[in-house]
Amino acid sequence: MTRTVLPRDVTATPTDVTTTPRDVTTTPRRKVLISGASIAGPALAYWLARHGFAVTVVEKASALRGGGYPIDVRGTALEVVRRMGILPQLREAHIDLRRLTFLGADGDEIASIDPHTVTGGVAGHDIEVRRGDLTDALYAAVRDDVEFMFDDSIDTLDQSSGHGVDVTFRGGGSRTFDMVIGADGVHSRTREFLFGPEEQFHRYLGYCFAGFTMRNTFGLFDELMMWNTPGRAAALYAVGGDDVHAFLNFAQPGPPYEAFRDPQAQRDLVTDAFADAGWEVPGMLAALHDADDLFFDAVSQIRMPRWSSGRVALVGDAAYAPSFLTGQGSSLALVGAYMLAGSLAGRDHGAGFAAYEHSTRGFVTANQDLVGKGDAALFPTTARALEQRNAMLRRLSAESAPSPATAASSASGRPAHSALTLPEFPGS
Ligand SMILES: Cc1cc2nc3c(=O)[nH]c(=O)nc-3n(C[C@H](O)[C@H](O)[C@H](O)COP(=O)(O)OP(=O)(O)OC[C@H]3O[C@@H](n4cnc5c(N)ncnc54)[C@H](O)[C@@H]3O)c2cc1C
């Protein structure tokens, strides 16, 4: 069943014309359909509505999806949320992680350090929030101005008429939009409609991971503990409340495509990978089997030669997922949404999509390049590399100096997360 939330201005202005105080005109509002209501989708909806577009968001889940591991908002993305007016709310929700403790195979402590020394963040400036707090804030900022259709998705897309995109919905019905934007994540169906199978654009980084919540029976408070052996990491991340975020990351030779749609296969894969592991891992595996919020995926990036075709374009993970190894997925989604909406303001779809790519690709690439070919500094796959990492962590713990892995900068010399200066667009 489709639940449609009508926007405030649709009920107020049945004639479908722009009536914002900023731009009083009788030009018909261009209609945009966005697929996906997580981070990129609502952020894009917000900015498109500000630029005078009539926006509909279709989300396959029956409601806004909360949950997920805490995520970072840094650098240029902080300016996006500031301009949206949600920065104070996010600062309120900020998780002030006190300590990161690394453990060896037997659970023995290797090093205990200030989190900012390895995340590349800036203490007191960057934000780390529960993923659900960010989606809630974005949704609250936009829900009155945009039409949301939950529990539905695009069934077919046809732009052959040349005048718009004819869309049919799984829940029934068809409509025509001026543009369609896929904000539907790494495994984007919009991308598949447009460009074909994911495999062409999927850059596998050599790991799979599972995230879920479990009871905090460990006495942890605002801290993260990470256990490692070569090719395996288990982490417990306590951010308040009665639960901890559990995270299991493991090296895997190829992407397990068959497991992506099969939660039981995912549980089996993780259980096999951690079968003989020590520390708290057996309890984590038991919790994994009962978890109702399991998030499993390959650690991978999406790299595409272009982000649009005709009247359809992609934003966020659908176009350029950077992987959690960069800590930049949500920030790229926020910045990409701002840049796409601003690029479309006052331009037709062709010129707008070209401007979006031209202005944003360098920033995206600089952030994706923070990860080398699978050699994630925090997740070494050999005993030697693990020993080197541990030596580095011991040094960091003694010196509190930023790690070389996260001091990575773009060609401009600025840190990758700040490599784009956000332009002002008319209406933003
Ligand atoms: C429930 C959830 C938990 C997550 N947890 C983690 C985590 O623990 N660690 C991590 O690194 N990343 C996690 N992510 C991904 C993280 O949110 C993104 O990497 C990042 O924030 C970029 O956001 P995005 O909006 O581009 O994509 P995503 O956050 O992936 O959002 C895509 C949205 O599109 C919707 N969607 C997908 N297919 C369709 C379709 N065919 N039709 C309509 N809607 C569709 C999805 O339900 C989702 O709401 C999670 C995402 C979700 C949805």
**Q.** Convex hull volume of segment 201-259 per residue (C-alpha atoms, cubic angstrom)
**A.** 107 Å³
(Q) What's the whole-number percent of alpha carbon pairs in segment 149-234 lying beyond 17 angstrom? (A) 67 percent
Q | In nm, spacing of pseudo-spin labels at Asp292 and Asp151 (7 Å Cα→C-beta vector) | A | 1.7 nm
Q.
Full-extension gain between Asp166 and Arg91, please, as 0.36 nm times their residue separation minus the C-alpha to C-alpha distance.
A. 22.9 nm
(Q) From the helices alone, meaning DSSP H stretches of at least four residues, give me the mean residue ellipticity at 222 nm for the chain, per-run term -39500 (n - 2.57), in deg cm²/dmol to the nearest 500. (A) -9000 deg cm²/dmol
Q) Build a GNM of the chain with springs between Cα atoms under 10 Å: which of Arg131, Arg414, Arg50 gets the top mean-square fluctuation? A) Arg414
Q: Under 1.5 on a/c is rounded, so check that first for segment 176-222, then, if it is not, pick prolate when a/b is larger than b/c and oblate when it is not; a ≥ b ≥ c are the square roots of the alpha carbon gyration tensor eigenvalues.
A: oblate
Q. In the chain, what percentage of the DSSP-assigned beta bridges are antiparallel, given to the nearest 5?
A. 70 percent
Q | Assigned charges on the beta-carbon of Lys, Arg, Asp, Glu; the chain dipole about Cα centre (debye) | A | 1200 debye
Q) Within the chain, which DSSP H helices have Cα atoms that stretch 18 Å or more along the helix axis and a mean Kyte-Doolittle hydropathy of at least 1.0? A) 329-344
Q) Taking the Cα-to-Cβ direction at Glu258 and at Arg175 and moving 7 Å from each Cα, how far apart do the two end points lie in nm? A) 4.0 nm
Q) In Å, the Kirkwood hydrodynamic radius of the chain over pairs of distinct alpha carbons? A) 22.4 Å
Q) Between segment 181-255 and segment 69-98, how many Å separate their Cα centres? A) 21 Å
**Q.** Positive-end extreme of charge dipole, segment 126-265 - chosen from Gly162, Gly206, Ala141 (charges on Cβ)
**A.** Gly206
(Q) How large is the translational diffusion coefficient of segment 243-343 in µm² per second when you combine the Kirkwood radius over alpha carbon pairs with Stokes-Einstein at 20 °C and 1.002 mPa s? (A) 133 µm²/s
Q. When you count, for each residue, the other Cβ atoms within 10 Å and take the mean per peptide, how do 299-312, 89-102 rank with the highest first?
A. 299-312, 89-102
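Every number in this text was worked out from the coordinates using simple rules, so none of it is lab data. Quick caveat: nothing in here was measured; it's all calculated off a predicted structure. Neighbour counts are summed over all protein chains in view; Cβ atoms, including those assigned to glycine, are modelled from backbone coordinates with ideal geometry.
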